[in-house]
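This report refers to the structure that appears directly beneath it.
Taken together, the values in this text are just the output of simple stated rules run on the coordinates, not laboratory data. Everything numeric here is computed off the predicted structure, so don't read it as measured data. Cβ coordinates were reconstructed from backbone atoms using ideal geometry, including for glycine residues, and neighbour counts include every protein chain displayed.
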Amino acid sequence: MSETKPVTVRTIGFIVNPIAGMGGIIGLKGTDGKDILEKAVSLGAKPTAAIRAEKFLTELAPLKQSIRLLVGAGDMGETEAKNQGFNYTVIGKMRLHTSSEDTKSIAQNIVEAKADLLIFCGGDGTARDILEAVKTKIPVLGVPTGVKMHSAIFAINLKAAAGVVFSFLRGELPVRETEVMDVDEQAFREGRLSAELYGYMLSPYEPHLIQVSKLSSPISEDETRNQAAIAVYVIESMQADTLYIIGPGTTTRTISDLLDQKKTLLGVDLFVDKKIVEKDVNEKQILNALNGKSAKIIVTLIGGQGFIFGRGNQQISSRVIRQIGLDNIIVVATEGKMQRLNSLKVDTGDPVLDSLFKAQRFQVLVDYGRWKELSVE
């Protein structure tokens, strides 16, 4: 009778930032800092990180017998692991209000336990906390649950993150140094994008499942002309008595510049009859403005990454998109941005909606009257 080979149990750190992503739908562009968190709560923001963290763990269900999780206490990983039936060990003490210091402390303990991999659920702010504690001591993977996710440490979505974990634990993926980026949130809210490289962490590398760092649009005469040509075409195509929900970005801002309207660079604004009717709106304001109106969404993509939804424009939520319909989405991007991309990406937090995006190809307006067709990854 042959012996049964024992299963090798791998140790994985798992940290959830329970407030990550709360500022997205309400248009606060992040929740770094106590005052901003309080404002987010006062505006009706609801925690979303725990829901996304549990969805991620459901994707890891086949690994339950072969991994042991080292989790933060309470809502920092313990609750999610318990709800999904994983084998886990708790690090730290449960707190009503968590902080970046809690994240760093848990991460340090995970490093000391010599975990095979550290997985965190959050955004760029959480990535910076993990960086400070971990450096390049163990591999790290980010599950995107925040508002700002410019770093290359993140998987493109929850399912992709699980795919990376499966492949990494099978020894199929190399590890490489990966950039950790973040922006100044206050400057971000004031319409100034000030991104900075904070350092590098080791991360499993799978180019189809891991996003790259955000690339800024080049400032050149050709780029400016290209943006203007796109804007002119969009303006000429605008329909009367139609609500236009226009997302953030320099290409979309050029539309409002040519209309002599002052758009928020990093917010979502509402236009009717070529005039701004509401600025820097959140999900609730968009849904209220719809009210049975004919509507269209105009978005640009994130340079280098290709995301059109789920990175920095969460105000245009899955609820908004479902009401308006995929056929009423206009994607615009300069040729400079398009040269680096073979596909678009979405991460709406709604897997069914994301699959609908992937079932069709999108036309991207790249110049005056000129379109390029791309699939959604």
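Listed by Cβ neighbour count within 10 Å, with the fewest neighbours leading, 357, 166 appear as 166, 357.
Step through the table entries 159/262; 279/337; 55/104, compare each Cα-Cα distance with 29 Å, and write down the pairs that go over it.
159/262
Going from the fewest other Cβ atoms within 10 Å to the most, the residues 57, 63 appear in the order 63, 57. Between residue 236 and residue 135, the modelled label-to-label distance comes to 5.9 nm, taking each label 7 Å out from Cα in the direction of the beta carbon. At q = 0.09, 0.10, 0.14 Å⁻¹ the log10 of I(q)/I(0) for region 221-375 amounts to -0.25, -0.31, -0.62, computed by Debye summation with a single uniform scatterer per C-alpha, solvent ignored. Among 259, 117, 243, the residue with the largest mean-square fluctuation in a Gaussian network model of the chain, with springs joining Cα atoms closer than 10 Å, is 259. log10 I(q)/I(0), Debye, Cα-only region 266-314, no solvent, q = 0.22, 0.24, 0.28 Å⁻¹? The calculated log intensity ratios at q = 0.22, 0.24, 0.28 Å⁻¹ are -0.89, -1.00, -1.20. Our note on the geometry: Cα centres of region 287-365 and region 106-185, 26 Å apart.
Computed from the C-beta positions of residue 65 and residue 360, the FRET efficiency with R₀ = 45 Å rounds to 0.70.
In straight Cα distance, which aspartates and glutamates are under 12 Å from residue 345, not counting same-chain residues fewer than 8 positions off? Correct list for residue 345: 354, 377. Remark: region 138-146, residue by residue, has Karplus-estimated 3J(HN,Hα) of 9, x, 10, 9, x, 9, x, 9, x Hz, where x stands for each Gly or Pro and the curve is 6.51 cos²θ - 1.76 cosθ + 1.60 at θ = phi - 60°. Taken along the Cα-to-beta-carbon direction at a fixed 7 Å, the label points for residue 323 and residue 291 span 1.1 nm.
Cα convex hull of the chain: mean projected area in nm², to one decimal? Working shown, then result.
Details: hull surface 78.3 nm².
So the Cα hull casts an average projection of 19.6 nm².
Only helices enter the 222 nm calculation for the chain: every DSSP H run of n ≥ 4 contributes -39,500 (n - 2.57), and dividing by all residues gives -9000 deg cm²/dmol, rounded to 500. Considering only alpha-carbon pairs that sit under 8 angstrom and 6 or more positions apart, the relative contact order computed for the chain is 14 percent. With R₀ fixed at 35 Å, the C-beta to C-beta distance from residue 97 to residue 221 puts the FRET efficiency at about 0.10.
In this simple spin-label approximation, residue 198 and residue 368 carry label points 7 Å from Cα along the Cα→Cβ vector, and these lie 4.4 nm apart.
Sorted fewest first by neighbouring Cβ atoms within 10 angstrom, 244, 88 come out as 88, 244.
For residue 146, the residues whose modelled amide H falls within less than 5 Å of its own, excluding neighbours fewer than 5 places apart on the same chain, are 122, 123. Peptides 89-95, 120-126, 280-286 ranked from most to least packed by the mean count of surrounding Cβ atoms within 10 Å: 120-126, 280-286, 89-95.
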